[in-house]
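Visitor: Questions regarding the structure given below will be posed in turn.
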Amino acid sequence: MVSEDEFDMQDAAAESAEDDFYSGGEEDGFDSDDADVADYEFIDNDSDDSDDLISHRYQQNYTILSEGDIRQRQDDDIMRIATVLSISKVAASILLRYYNWSVSKVHDEWFADEEKVRRAVGLLEEPVVPFPDGRDMTCGICFETYPSDRLRAAVCGHPFCNSCWAGYISTAINDGPGCLVLRCPDPSCNAAVGQDMINVLTSNEDSDRYSRYFIRSYIEDNRKTKWCPAPGCDYAVDFIVGSGSYDVICRCAYSFCWNCTEEAHRPVDCATVAKWILKNSAESENMNWILANSKPCPKCKRPIEKNQGCMHITCTPPCKFEFCWLCLGAWSDHGERTGGFYACNRYETAKQEGVYDEAEKRREMAKNSLERYTHYYERWATNQTSRQKALADLQQMQNVHLEKLSDIQCQPESQLKFIIEAWLQIVECRRVLKWTYAYGYYLPEHEHAKRLFFEYLQGEAESGLERLHQCAEKELQIYLNAEGPSKDFNEFRTKLAGLTRNYFENLVRALENGLSDVDSHGACSRMASSKSLGGGSSRARAGRGKGSTSRSSGPSRNIDEPGHWSCEYCTFANIKPATICAMCQHRR
């Protein structure tokens, strides 16, 4: 059975072939070589095109469409169908709407069985009832008699007065997008009502509303297009299915995932993101907090949080039950013999006998679970906050500081684009780092080697990002506050441009591969020691062990391979002469 993604790719290929046929082979999209690029791409510092730096990296597998673009594409598809099938534009629009705006699907179905398609869509070749010419007729809705010039009919020929038609159409439009599949009011008739009749018989307001539904259907019913999910954004995205990354950046600057329409989250998969978002919004963590930090009243069972040091607890009205916080027994049974206000001998005795083991274990497990979730959530939220601050700083740099810096350093703004690129790098890396904490939360605890490998890559990326962020945020202020050109400004340029290298590439590649560089037995493959750890950031680790920077593409190493030894902590394959692991720095 063909999957939906495969169907989309086949449909997209068929549409592309038709576009070539009708346009003479010219393409208004992007080169196929660009569409095949699936590697994570950060800003290229050598680029001179500053018109749209944000979307520079992503315009390879999708196109942003304005309302004008959508109308143009819609009109082109309608004209294409009308020309090939020799039918009216109104009939072509009804056909395309029925087949979800798929030109190839319309062609396939029409040429396979035209009569079947006409019956299904409601495009009748001959009227069912001959329309009266020059004589009075009775309206089939209000049963009033009208002259023929005050009656109208769809292709079926069933006559209704203009007033009834207007009310029928207006009601359908007010009910929503269902008006796009409007049929003849006669209960026994299936004839479609075209946009030409709707424009003539309805008010300007209803006609405009119908047009909006018509335009939106072109995006919402098409598998290859979606609206940008940002609030208030009217742009749509035409996506090339199966072309690599799902990350999309709209012209409104909002970035989102094409597959799930959530905020862009590469390299973390959509399923993990869905679980994380649900967990953040669900009541499960509230219940964990209640379980970890409260106890139920022995009488009314309502949860109670202890807010003072004394063990004597009084439940809130109307319960007012007094009990001991430790053993949950009635306070009337307590006194000096049970330990007084700050202890409970009864509880200690019962605990030694194992009476409270199960409840304590449940409470301890809830507390540990809450602490673990809080650990990851705080770092996820902190990076989100840092990203929002970086976006604001980027805006400030583009609108204010760049011109000021250009005047102070006596350099044209075109020569200062490396600063904008550095800030764009910071924004992107903060997003990636944020989602790695969601990934880490769901990484199984028993996969110790994978966790060590992940935390190592995450730490390296975070360290590099902090250096870059500090350089762009603090060191740049020296040159912004200078009274004249600085002699070492070119050195700062070299330093900042060097920090914007793709040091996140290792982390992104490893997470997208599911940390496959660590096999099921916990041994790192040769690729992990060469490509993932050596490639983009080998300079930063050059002093940690030369073995990790060698390039190789052979099979996986194991602990028995001659010339290498495997670290017992992280299972990294080190060269024999090394006595310290190049990854985790533990001694052999």
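Visitor: If you go through segment 214-247, how many residues are in a strand (DSSP E or B), in contact with a strand residue (DSSP E or B) (Cβ under 6 Å, 6 or more places away or on another chain) and closer than 24 Å to Ala381 by Cβ?
Guide: Matching residues across segment 214-247 total 0.
Visitor: Lys351 passes all but one of (1) at pLDDT below 75; (2) buried (at least 17 other Cβ atoms within 10 Å of the Cβ); which number fails?
Guide: (2)
Visitor: Being in contact (Cβ under 8 Å) with a residue 12 or more places away in the chain and either over 24 Å from the mean Cα position of the chain (by Cα) or surrounded by 20 or more Cβ atoms within 10 Å (Cβ to Cβ) (or both) is the requirement here; does Asn199 meet it?
Guide: Here the answer is no, as Asn199 does not meet what is asked.
Visitor: Within segment 221-232, how many residues are open to solvent by 40 Å² or more (accessible area, probe 1.4 Å) and in contact (Cβ under 8 Å) with a residue 40 or more places away in the chain?
Guide: Number satisfying all stated conditions: 2.
Visitor: Here's another thing I want to ask about it. Taking segment 202-220, which residues are over 27 Å from Val237 (Cα atoms) and exposed (fewer than 14 other Cβ atoms within 10 Å of the Cβ)?
Guide: Listed by number, the residues that qualify are Ser203, Asn204, Glu205.
Visitor: Could you list all residues from segment 60-110 that are closer than 22 Å to Val155 by Cα and either in a loop (DSSP other than H, G, I, E, B) or in contact (Cβ under 8 Å) with a residue 60 or more places away in the chain (or both)?
Guide: Listed by number, the residues that qualify are Ser86, Ile87, Ser88, Val90, Ala91, Ser93, Ile94, Arg97, Tyr98, Tyr99.
One line per residue, one yes/no per condition, for (1) at pLDDT 80 or above; (2) more than 16 Å from Leu370 (Cβ to Cβ); (3) polar (S, T, N, Q):
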position: Val273; (1), (2), (3): yes, yes, no
position: Ala282; (1), (2), (3): no, no, no
position: Met287; (1), (2), (3): no, no, no
position: Ala292; (1), (2), (3): no, no, no
position: Lys295; (1), (2), (3): yes, no, no
position: Lys301; (1), (2), (3): no, yes, no
position: Ile304; (1), (2), (3): yes, yes, no
position: Thr316; (1), (2), (3): yes, yes, yes
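The values are calculated or read from the model by the stated rules, or taken from the named source; none is laboratory data. Predicted model only: the values in this text are computed from it and were never measured. Every residue, glycine among them, receives a Cβ derived from its backbone with ideal geometry; neighbour counts consider all protein chains shown. Note: accessible area is taken over every heavy atom of the protein model, side chains too, but ligands, DNA and RNA are not part of it. Shrake-Rupley method; radii C 1.70, N 1.55, O 1.52, S 1.80 Å.
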